[in-house]
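Input: a single structure, listed below in structure tokens.
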Amino acid sequence: MKPCCYILFSNKLNKYYVGSTTDIERRFAEHNRGKEKFTKTGIPWVIVYTQIFDDIIQARKREFFIKKMKSRKFIESLINAAG
């Protein structure tokens with residue numbers, strides 16, 4: 001499985017979560033089982049964006065870049081562009 005950067009959305013919290021992983025299916029299941037403190041409160045989460053990379057380093061760089069933007073508008077523009 002290829003590494004990816006992903007964005008989840010919780011209708012319950014009306015918030016996004018940005019992460020990166022080498023196994024999106026496993027990680028998504030962990031988020032919806034409440035493994036992480038932040039995502040536990042927002043169950044159920046849905047995947048709204050993924051971007052595949054050749055290595056995890058590039059996926060993490062993308063994750064940190066998106067987080068650094070600190071902008072809901074930026075995140076929503078990524079999601080809309082991926083369409």
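Read the figures in this text as sums done on the coordinates, not as results from a lab. Because the structure is a prediction, the values reported are computed rather than measured. Ideal geometry is used to build each Cβ from the backbone, glycine not excepted, and the neighbour counts take in all protein chains shown.
What to note about this one:
- Computed over the chain with a Gaussian network model linking Cα atoms closer than 10 Å, the most mobile of Gly34, Gly42, Gly19 is Gly34.
- Region 11-56 - Rg over Rh from alpha carbon coordinates, Kirkwood radius: 0.96
- Chain lengthening between Thr41 and Met1 when straightened (0.36 nm per residue, less Cα-Cα): 11.6 nm
- Trypsin sites (Lys or Arg not before Pro) restricted to region 45-80 and DSSP loop, no more than 16 other C-beta within 10 Å: Lys70
- Based on the reciprocal of the average 1/r between different C-alpha atoms, the Kirkwood radius for the chain equals 12.8 Å.
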